[in-house]
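Only one structure is covered here, and it is reproduced in the block below.
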Amino acid sequence: MKKMYYAIFPLTLMVFLNSCAPVYKCGDSKPKKTPVTWSKNMKTVVSERDKLCTNLALKEKENAGLKNTITDLTGKNKDLTDQYNSLTNKNIDLEGKYKDLINESLSKTNQFNKALQAKSDELNNKELLLSEREKTLKEMQLIIARQDSITKRLNDILRNALLGFNSDELSVEIKNGKVYVSMSDKLLFKSGSSAVELKGKEALKLLGEVLDKNLDIDILVEGHTDNVPIKTSLYKDNWDLSVARATSIVRILTNDYKIAPTRMTASGKGEYFPKSDNVTAEGRARNRRTEIILSPKLDEIMKLLND
């Protein structure tokens, strides 16, 4: 009961004071007139009320300050929100540009990779072609080396076979990978004739025996004259005579010594490829000649070139 009384008493007292005491606001110094005698407890209550009013005023002042702070913060929050939204929009734009750049970069990278692959394929093809050409070149070098060996061997054989003839009648030499057997006019023919003399036939016999044993040799017979004009019932000019002389030798080699006609070629050069000048008798004698040009067959080389 005492606890209940102490709890209700302040409330009852407040009601009583509000009805008895003169009304005044918090912050007034003291009441002007008191109709009743104030007890000690009442003074305590009033003192507590004053404290509460003071605290309330302080709280209201604090609240006003807080409201101002909230207002400032609200404004700042709005500014920050606007900045955030602006930055967000800029970020969206940047992400879009970034994606576009990435796509463009990927596209260029793909194009570059395709171009690089094409160049790589082209380089590989060129390397393969170069390798094939190097292989072909080596094969050709081997063939040429073998042909040079054949040419040197043939030159040695002919020199040995034709030792019985004088140098002014017959000579053997290698030029441009071929063997040139040059027979003078006085060894083979009489002046203005295409009929081969006996001594010339002896030389052709020795030559034919060598050629019959070397089947991989092609034979070109070239007739040459000096520049002294000739005109007979058989030959209109030196060119005509040079052709007839080359043909006579080809016939002897094919008919008498069984050299295959497919290996033989006859041609007349007339006076147009002189070996010496035609001013002196010695020079004209050197120009009146028949050259038998022997060359290894080029079938293997031609086959490589065509491949």
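Readers should treat all values here as calculations from the given coordinates under stated rules, not as data from a laboratory. All values reported here derive from a predicted model rather than from experimental measurement. Glycine also receives a Cβ, built like all others from the backbone with ideal geometry; neighbour counts cover every protein chain displayed.
Count Lys and Arg as plus one, Asp and Glu as minus one, and take only other residues whose Cβ is under 13 Å from that of Gly65; the net charge is then 0. Couplings for the stretch 177-183, taken from phi via the Karplus curve 6.51 cos²θ - 1.76 cosθ + 1.60 with θ = phi - 60°, read x, 10, 9, 9, 9, 9, 10 Hz in order; Gly and Pro are left as x. Between amide H atoms placed 1.01 Å from N, distances below 5 Å from Ile259 occur with Thr254, all of them 5 or more places distant or on a separate chain.
Amide H to amide H, with H built 1.01 Å from N, Ser276 comes under 5 Å of Asn287, counting only residues 5 or more places away or on other chains. Along the stretch 260-268 the Karplus relation, 6.51 cos²θ - 1.76 cosθ + 1.60 evaluated at θ = phi - 60°, assigns HN-Hα couplings of 4, x, 5, 8, 10, 9, 10, 8, x Hz to successive residues, with x for each Gly and Pro. Compared with the direct C-alpha span, the chain from Lys213 to Asn113 gains 29.7 nm at full extension, assuming 0.36 nm per residue. In units of the compact-protein estimate 2.2 N^0.38 Å, the stretch 162-306 shows a Cα radius of gyration of 1.05.
In this label model, Ala260 and Asn68 are separated by 12.6 nm, measuring between points 7 Å along each Cα→Cβ vector. Rounded to the nearest Hz, the phi-derived 3J(HN,Hα) couplings of the stretch 121-137 under the Karplus curve 6.51 cos²θ - 1.76 cosθ + 1.60 (θ = phi - 60°) are 4, 4, 5, 4, 5, 5, 5, 5, 4, 5, 4, 5, 5, 4, 4, 4, 4, where x marks glycine and proline.
What the Cβ-Cβ distance of Lys231 and Ile144 gives, at R0 = 30 Å and to the nearest 0.05, is a FRET efficiency of 0.10.
Label-to-label distance for Lys190 and Glu173 is 3.1 nm, based on points extended 7 Å past Cα in the beta-carbon direction.
Across the stretch 162-306, the relative contact order, built from alpha-carbon pairs under 8 Å that are at least six residues apart, equals 31 percent.
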